[in-house]
Every structure is written in C-alpha cells, then in structure tokens.
Amino acid sequence: MNPEEKYDRDEFHWENSFREDDEYIASYIKLLKRFSDLPECNQLISRQLGDLSSSRNQNEEHDFPECSLNCNECSNRWHCDFAMPELSEEQSQWLPPEDDPIDSAPEDEPAAENGEGQPGDIFYYENAPSFVLLRQTALGWCNVYATVLPADDSFTGGKVLFYISRALTHLAASVGDGLYIQVGANIAFAKRALQDLNHAVGLINELSKNHAELESVSGTVRRQLLKVREMILTHLKERRQTKE
C-alpha cells in the first residue's frame with residue numbers, strides 16, 4: 001500500500017485489504033504443509049506466493065454493503081460475517097439488563113498529570129471502557145479454561161480465548177490513540193472486533209449446550225461479551241458520524 005494513499009481509504013477498502021491478507025496467510029499455511037519436507041521449502045513457497053500475488057484481481061469495487069448497524073432489520077444479515085445471530089425468546093435472557101450494575105461498563109480511569117489517557121497518547125485505547133471490560137472478560141475466561149472447563153472441550157475453550165484475544169487486538173487498533181485520523185481503518189478494525197466477538201459468543205453457546213452445569217460461568221462471560229459488543233456498536237456509530 002502506498003503510504004500517501006492509506007489516509008484516503010474508506011472502510012471497504014480496508015476490509016478488502018484485510019481479506020487479501022487473510023487469503024495470503026491461508027495460502028502460506030497451505031503451501032507450508034505441502035513443501036515443509038523439501039530442502040528448498042522457503043524458495044518454493046516464495047515462488048508460489050509470488051505467482052498468486054501477480055494473478056490476484058486488483059479491482060477496487062466495494063465487496064461489502066454499507067452497514068446499517070441494525071442486524072435485525074438489515075437485508076444482508078443472513079450473508080454478513082459481522083451480523084449477530086438473532087436470539088430466540090428463550091435465549092433473550094442472555095442479553096444484559098441496561099441497569100445491571102454487575103455488567104455495566106467500567107468507568108474510565110482518571111488521566112494522569114503527564115497526559116496519559118488523553119487523546120494522542122499511544123496507550124489511549126487501554127482506558128476505553130470497552131477495552132477494559134473485554135480485557136477483564138479475557139482474564140475471566142482464562143480462569144474458566146484453566147479450572148472449570150472439561151478436558152474434552154479444551155480445544156473449543158482455546159478457540160474462545162483465541163477470538164477474544166483477536167477482538168482485543170482489533171479493538172485496540174480501532175481506538176488507537178483516540179485521534180481517529182484514519183476513520184476508515186478505525187471503522188474496519190471495529191467491525192473485525194465485532195466478528196471476533198460473534199465467533200466467541202457462538203462457541204460459548206455451544207459449550208453451554210453441551211454442559212448445562214457451566215451455564216452459571218459461561219453465562220456471565222456471554223453477557224459481558226454482548227455488553228462489549230453494544231459498546232463497540234456505539235463506537236462505530238460515533239466514528240461514522242465523525243467521517244460524515
């Protein structure tokens with residue numbers, strides 16, 4: 001990417017770049033499995049990846065429709081990786097009550113006198129309420145994974161931790177230093193964080209279905225993730241208003 005052009009890229013161009021990176025990584029893993037035992041493994045992989053890169057279609061069309069942020073009314077909700085699955089009447093109890101003090105967003109930490117925690121600070125994202133709550137949730141799931149989760153579901157539990165960790169990374173990139181100079185990137189990273197949370201919630205639902213005795217702990221984690229999701233949606237709306 002040309003450094004002088006990256007500031008003009010909207011969220012759809014950023015998303016297309018993310019998808020190209022995902023495809024590139026997937027191709028590398030596939031080639032690594034194929035050539036790992038050969039003496040010139042790296043050269044073969046490099047040559048193959050170069051051929052894939054040169055043949056890639058570089059069109060600039062938008063592959064993603066404009067997101068309305070209302071998954072229940074969006075016509076693209078059944079084909080969108082970022083849409084939250086609709087909850088049944090029985091499952092609606094998972095949603096956190098608006099006045100629930102346990103699942104409420106943590107307060108922002110007071111800014112230090114040296115300017116830390118203020119927009120422009122490279123660690124500004126660490127004080128964002130959504131990031132603080134998601135980090136706490138990640139630590140909580142680590143405890144569940146280590147002490148409560150049955151051994152036969154350790155792989156699924158590890159995938160939950162993987163997606164929560166990815167959500168933390170994407171959320172940190174979206175909030176960044178709080179200046180939001182590259183609004184398209186801020187929006188695209190936030191949408192990636194939503195996608196990660198959707199995957200994590202789906203896996204936790206699967207664990208709860210297989211182990212009803214875990215609902216008390218998995219339900220708490222689920223409610224916290226859904227709370228973070230609502231906070232990220234609010235963040236998305238604010239960034240789109242900034243873009244306008």
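The values are calculated or read from the model by the stated rules, or taken from the named source; none is laboratory data. Predicted model, so just to flag it, every value in this text is computed and none were measured. So basically every Cβ, Gly included, is an ideal-geometry build from the backbone, and we count neighbours across all protein chains shown.
The table that follows gives values for the structure above.
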| quantity | calculated |
| --- | --- |
| Residue in the range 193-208 that is surrounded by the most Cβ atoms within 10 Å (Cβ to Cβ), counting only those that are of a type in the set (S, T, N, Q) and closer than 21 Å to Phe18 by Cα | Asn198 |
| Residue in the range 146-161 that is charged (D, E, K, R), farther than 29 Å from His13 by Cα and not assigned by TED's automatic domain parsing to the domain that holds Asn16 present | yes |
| Filtered residues of the range 133-147 (kept if surrounded by 15 or more Cβ atoms within 10 Å (Cβ to Cβ) and either among the aliphatic types (A, V, I, L, M) or closer than 18 Å to Asn210 by Cβ (or both)) | Leu133, Leu134, Ala138, Trp141, Val144, Tyr145 |
| Residue check, Leu134 assigned to a loop (DSSP other than H, G, I, E, B), closer than 18 Å to Val201 by Cβ and modelled with pLDDT of 90 or more | no |
| Condition met for Glu215 (farther than 23 Å from Glu15 by Cβ and in contact with a helix residue (DSSP H, G or I) (Cβ under 6 Å, 6 or more places away or on another chain)) | yes |
| Selected residue (criterion: surrounded by the fewest Cβ atoms within 10 Å (Cβ to Cβ)) from residues of the range 209-242 that are basic (Lys, Arg) and under 15 Å from Asn186 (Cα atoms) | Lys237 |
| Among (1) under 27 Å from Pro119 (Cα atoms); (2) part of a helix (DSSP H, G or I), the one test that Ile181 misses | (2) |
| Residue in the range 162-175 that is farther than 28 Å from Gln118 by Cβ and not in a helix (DSSP H, G or I) present | no |
| Whichever residue in the range 10-29 is part of a helix (DSSP H, G or I) and of a type in the set (D, E, K, R) and, among such residues, is surrounded by the most Cβ atoms within 10 Å (Cβ to Cβ) | Glu11 |
